[in-house]
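What follows is a single structure, written as structure tokens, with notes after it.
The values are calculated or read from the model by the stated rules, or taken from the named source; none is laboratory data. Given the structure is predicted, the values throughout are model-derived calculations rather than measurements. Heads up, the Cβs are rebuilt from the backbone with ideal geometry, glycines too, and the neighbour counts pull from every protein chain shown.
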Amino acid sequence: MGHYNPPPRDAVSAAVSPVRYAVSLDPLTHLFHVRCELADAGDGQANGQLFSLPSWIRGSYLVRDFSKHVLRLRASAGGAPVAIERIDKRSFRVAARGALILEYQVHAYDNSVRKAWLDTRRGFFNGSSLFYCPEGYDQGAFEITIARPDAALCPGWKLATAMSEVSIDDAGFGTYLAASYEELIDHPVEMADFQSIDFDVDGVPHSLVLSGRCEPDTVRLAADLRRVCHAQREMFGQEPKLHRYLFLTQVTANGYGGLEHRASTALVCARDALPRPGQSGLRKGYRGFLGLVSHEYFHLWNVKRITPRRFAESKLGAEAYSQDLWAYEGITSYYDDLMLLRAGLIDAPAYLDLVAETATRLQRTPGRFAQTLADASLEAWIKYYQPDENSANATVNYYVKGALAALCLDLTLRLHSSKTLDDVMRTLWIRHGRDDQPVPESGLEQIAAEISGLELHTLFDSMLRSTAELPLAELLAEFGVKAAQRSASGPGDEGGRGESRPATAWSGLQLRGGDTAITQVLSGSPAERAGLAGGDVLVALDGLRVSNANWSKLLESLTPERAVGLHFFRGDELLHTQLTPVPAPADTWALTLAEVDGVKLERRKKWLG
């Protein structure tokens, strides 16, 4: 299950697979029925055939133990049952030789992009949730046949995947082929009565597959996504050559997220984020969806082909540690919004608003003084994907700070050399991504210094291996961008251009959506000094009942530095404390184009267009 070099498509089509998987669907019980036929089990293995299922999926750095969803595992050879010996939580051995049949079920009720889901409205799976890998066969071809579900239960269902087709019906159900186990688990499968919006990008067929109730402006979606994808393919010289690319998208009430693959991505988006026919302008939700699409598409290069060696060499059974995760997610986060600018979907002021929102998120995180960016990368397995009530005080987000570090690196290269971060990424592509040669630790740092001729060790040490503030404002000033920090204008102020107003009372706590339970208390805040903690449920402030809807207004009505009584529940005990709010901190960034000329104006034009 290590890194693989994908063969040419015609080689895949001509391959003969010794491993055949058949999948049938039972939507009422949320079960995938899986049957594996192994032509020659135990070949060269004295103790029988070993099978293993991954514990994590590439692109999502948390051990998820997919094997916990496997049910009714049994094996047979020649029509007779064969004993199964459990090795560990994800592996077992079958004491048999020759033709072997393995049968089991997978309970699929994880409505995310990482595992598997099945009901009467939609089916989805990643191969890492369904397919055991027989030891010794991971570099060979795998054949997978997916049966069409009962039409009465699943009317109008179609199947979409980027896997190579062998023999399929007009709805996409049938037989597919993967050149290796890695390729098998890198092609998610979407099944539903979905709509497919097809468009061409520089000769490569692309499709936006939408599962879920929605009535979007299909013409606008195709046009906008085409522009984003074209801007990225232009940056990498129209490489790699793809047979096709799919955006497999689940449309929900308020979802958001994605997981990258080599020829597709799995997305979740909110229904309201998609543009409806007749709507004009770039609403915030749609801008966010375009940013998500841009982010996952950029992973086509950065992560899926420009891959950290420590991740590529992992067999997916245990954590794989790297201090460079910031470079893969953070740099991708820098480019996702920048590509919207290059595609002409937003202008420079709107782009700077997005940068300001990112800087604001970092500014409002006390954890930036507790964890370095390198450590955030290394500890993603236990911290980023498992947040708690103290995460804001103890951790820094490697997407957020990583994006700003990438911006600082890009501006530094532009300021002091003839190179840019684009040049660094293209060099990584040529040396590592084009031929699937994984990148060693600190590989980006070395290439940036090499091609620019700059001494960058001090900059990288400060940004990655210390908790010092990033030199963001100073660098932006060299490009004619004015950075200012102000107090938030209200609870919905996420940064960017906005009206400044006198600072109101601030407590430093956040409530859970829908009720008055505290989700986090920031370090050094009035709430912390009042003895409040995550999980406490607020009851009354200054004698007035607290609700989730009125909390902000009650707080804004207070006078900073004047103590008021606060009642709250901790467990089943009613407690009382004194809360002394302070003026809201200047933690909200605003970036604006300054009036400049000469060299600063030229720099800005080369960066922002």
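In the condition set (1) assigned to a helix (DSSP H, G or I); (2) over 25 Å from the mean Cα position of the chain (by Cα); (3) of a type in the set (A, V, I, L, M, F, W, C), Ala488 is compliant with all but (1).
The lone criterion from (1) aliphatic (A, V, I, L, M); (2) free of Cβ contacts under 8 Å to residues at least 24 places away in the same chain; (3) within 27 Å of Asn393 (Cβ to Cβ) left unmet by Ile430 is number (3). Checking each residue in the stretch 185-208 for being of a type in the set (A, V, I, L, M) and within 18 Å of Lys115 (Cα to Cα) picks out Ile185, Val189, Met191, Ala192.
The strands (runs of 3 or more DSSP E) found entirely in the stretch 133-206 that carry 1 or more residues being more than 28 Å from the chain's Cα centre (by Cα) are 142-146, 164-168, 174-178. Being at negative phi and surrounded by fewer than 14 Cβ atoms within 10 Å (Cβ to Cβ) is not true of Ala75.
The combined condition, being touching a helix residue (DSSP H, G or I) at 6+ places or on another chain (Cβ under 8 Å), among the acidic types (Asp, Glu) and surrounded by 21 or more Cβ atoms within 10 Å (Cβ to Cβ), is not fulfilled by Glu296.
Remark: His567 falls outside the filter, which requires a residue to be exposed (fewer than 15 other Cβ atoms within 10 Å of the Cβ) and over 26 Å from Gly495 (Cβ atoms). Arg148 fulfils the conditions (1) more than 26 Å from Gly255 (Cα to Cα); (2) in the same structural domain as Met235 (by TED's automatic domain parsing) except for a single criterion, (2).
Inspect the stretch 100-110 for any residue being modelled with pLDDT of 95 or more and under 26 Å from Leu242 (Cβ atoms) and give the result as yes or no. So far as the stretch 100-110 goes, no, none of its residues is modelled with pLDDT of 95 or more and under 26 Å from Leu242 (Cβ atoms). Whether any residue in the stretch 352-371 is over 24 Å from His457 (Cα atoms), touching a strand residue (DSSP E or B) at 6+ places or on another chain (Cβ under 7 Å) and assigned to a loop (DSSP other than H, G, I, E, B) is what I want to check. Among the residues of the stretch 352-371, not one is over 24 Å from His457 (Cα atoms), touching a strand residue (DSSP E or B) at 6+ places or on another chain (Cβ under 7 Å) and assigned to a loop (DSSP other than H, G, I, E, B), which makes the answer no. Any residue at all in the stretch 591-599 that's surrounded by 15 or more Cβ atoms within 10 Å (Cβ to Cβ) and within 19 Å of Gly492 (Cα to Cα)? Within the stretch 591-599, one or more residues are surrounded by 15 or more Cβ atoms within 10 Å (Cβ to Cβ) and within 19 Å of Gly492 (Cα to Cα). The single condition from (1) in contact (Cβ under 8 Å) with a residue 12 or more places away in the chain; (2) more than 26 Å from Thr395 (Cα to Cα); (3) exposed (fewer than 13 other Cβ atoms within 10 Å of the Cβ) that Lys553 fails is (1).
Output yes when any residue across the stretch 576-589 is hydroxyl-bearing (Ser, Thr, Tyr), assigned by TED's automatic domain parsing to the domain that holds Ala530 and assigned to a strand (DSSP E or B), and no when none is. The answer is yes; a qualifying residue exists. One residue stands out among those in the stretch 256-278 that are assigned to a loop (DSSP other than H, G, I, E, B) and at pLDDT 95 or above: the one that is surrounded by the most Cβ atoms within 10 Å (Cβ to Cβ), which is His261. Can you name the residue in the stretch 258-304 that is β-branched (Val, Ile, Thr) and touching a residue at least 60 places away in the same chain (Cβ under 8 Å) and, of all such residues, is nearest to Ala350 (Cα to Cα)? Looking at the filtered set, the residue picked out is Val293. Considering Tyr334, Tyr321, the condition of being part of a loop (DSSP other than H, G, I, E, B) and over 15 Å from His432 (Cβ atoms) is satisfied by Tyr321 alone.
Table: residues versus (1) surrounded by 14 or more Cβ atoms within 10 Å (Cβ to Cβ); (2) assigned to a loop (DSSP other than H, G, I, E, B); (3) in the same structural domain as Ala263 (by TED's automatic domain parsing); (4) touching a residue at least 60 places away in the same chain (Cβ under 8 Å).
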site: Arg220; (1), (2), (3), (4): yes, no, yes, no
site: Asp224; (1), (2), (3), (4): yes, no, yes, yes
site: His230; (1), (2), (3), (4): yes, no, yes, yes
site: Arg233; (1), (2), (3), (4): yes, no, yes, no
site: Glu239; (1), (2), (3), (4): yes, yes, yes, yes
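For the stretch 409-421, check the following and say yes or no: at least one residue is among the small types (Gly, Ala, Ser) and part of a helix (DSSP H, G or I). No: zero hits. For the stretch 155-171, does any single residue satisfy the condition of being farther than 25 Å from Ile57 by Cβ, without any contact (Cβ under 8 Å) to a residue 60 or more places away in the chain and touching a helix residue (DSSP H, G or I) at 6+ places or on another chain (Cβ under 6 Å)? No, the conditions are met nowhere in the stretch 155-171.
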